[in-house]
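Read-outs: derived from the displayed coordinates by stated rules, not from any lab. Because the structure is a prediction, the values reported are computed rather than measured. So basically every Cβ, Gly included, is an ideal-geometry build from the backbone, and we count neighbours across all protein chains shown.
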Ligand SMILES: Nc1ncnc2c1ncn2[C@@H]1O[C@H](COP(=O)(O)OP(=O)(O)O)[C@@H](O)[C@H]1O
Ligand SMILES: [Mg+2]
């Protein structure tokens with residue numbers, strides 16, 4: 001479905017590459033997680049896939065979606081693909097929603113971008129999309145402005161927005177980082193449920209190894225712009241080969257222990 005071959009990305013001539021010679025493939029229906037500390041090049045990689053790198057950035061190697069080279073694709077064709085087949089869940093729900101447009105209208109704009117559907121006909125589709133991501137009273141909530149919703153509800157709106165055109169590939173860059181731990185768990189459950197019922201592929205980017213082990217069947221570990229390890233989740237958990245992967249797992253276990261200790265304290 002998605003195939004990156006020998007991809008290197010440099011932000012400006014003279015800078016050292018933010019991503020060096022990365023090859024990744026995501027099969028139909030597969031959920032691949034990319035983990036790595038902040039600054040390891042994860043977001044740079046997603047921006048390259050979505051052709052949203054700043055001007056002056058250079059991408060070497062090829063990024064192909066269903067055999068089509070995204071780098072060579074016309075802007076018009078890419079826009080279409082981007083709004084219909086490849087969806088993205090951004091990290092910051094507040095920054096990603098327009099503050100002065102009701103959430104229902106924002107969903108409608110996404111729906112109408114590539115389909116001729118009347119605004120009246122959009123209403124039931126929008127209400128269903130909101131209900132599906134667990135938003136109560138969708139007929140009321142579609143009239144809300146983003147600031148009238150909680151962080152978790154806003155992230156649900158963004159998930160509804162990313163799913164409304166029924167994409168085949170979902171790219172989620174730190175989709176739960178901005179949320180409270182309990183809300184994070186709910187959003188992850190929701191994502192998993194949606195992926196299961198739609199058979200979508202996903203590339204999930206996060207610095208949180210706990211999140212990927214829960215959701216993904218394969219894990220890619222990045223460090224300093226390179227892949228240090230790539231393998232099935234079970235294998236990586238049982239037998240991490242690279243010291244950096246072991247370090248990530250150890251840090252994640254410490255975090256879990258600390259949370260549990262806190263939980264049992266009176
Ligand atoms: N717009 C930019 N211009 C120049 N360098 C950037 C830009 N965005 C990110 N970088 C650099 O690229 C590297 C990778 O960053 P990023 O992809 O954001 O990492 P991650 O998402 O893993 O935290 C970092 O060294 C970062 O400083
Ligand atoms: Mg990032």
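The table for this structure:
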item: Residue order, fewest to most beta carbons within 10 Å, for 141, 241; result: 241, 141
item: Relative contact order %, the chain, counting alpha carbon pairs below 8 Å whose residues are six or more apart; result: 26
item: Gap separating the Cα centres of the stretch 74-114 and the stretch 122-136, nearest whole Å; result: 16
item: Residue with peak Gaussian network fluctuation, the chain [Cα springs, cutoff 10 Å], from 27, 238, 64; result: 238
item: Residue 83 versus residue 5: modelled label distance in nm, points set 7 Å from Cα along the beta carbon direction; result: 3.1
item: Relative contact order %, the stretch 100-164, counting alpha carbon pairs below 8 Å whose residues are six or more apart; result: 45
item: Histogram of C-alpha separations across the stretch 52-118, 10 Å bin width, %; result: 15, 39, 34, 12, 0
item: Range of Cα positions in the stretch 1-158 per principal axis (Å), largest first; result: 51, 33, 30
item: Residue order, fewest to most surrounding Cβ atoms within 10 angstrom, among 84, 110, 100; result: 100, 84, 110
item: Of all DSSP beta bridges in the chain, antiparallel share, percent nearest 5; result: 55
item: Sequence-separation-based contact order of the stretch 101-252, relative, with Cα cut under 8 Å and 6+ spacing, percent; result: 16
item: Neighbour-count order for 236, 149, fewest beta carbons within 10 angstrom listed first; result: 149, 236
item: Förster-model FRET efficiency, 25 Å R0, residue 125 and residue 38, C-beta, rounded to 0.05; result: 0.10
item: Per-residue [θ]222 nm for the chain (sum of -39500 (n - 2.57) over DSSP H runs n ≥ 4, rounded to 500); result: -13000 deg cm²/dmol
item: Share of pairwise Cα separations in the stretch 153-264, more than 20 Å, in percent; result: 46
item: Pairs of Cα atoms farther than 22 Å apart, the chain, %; result: 58
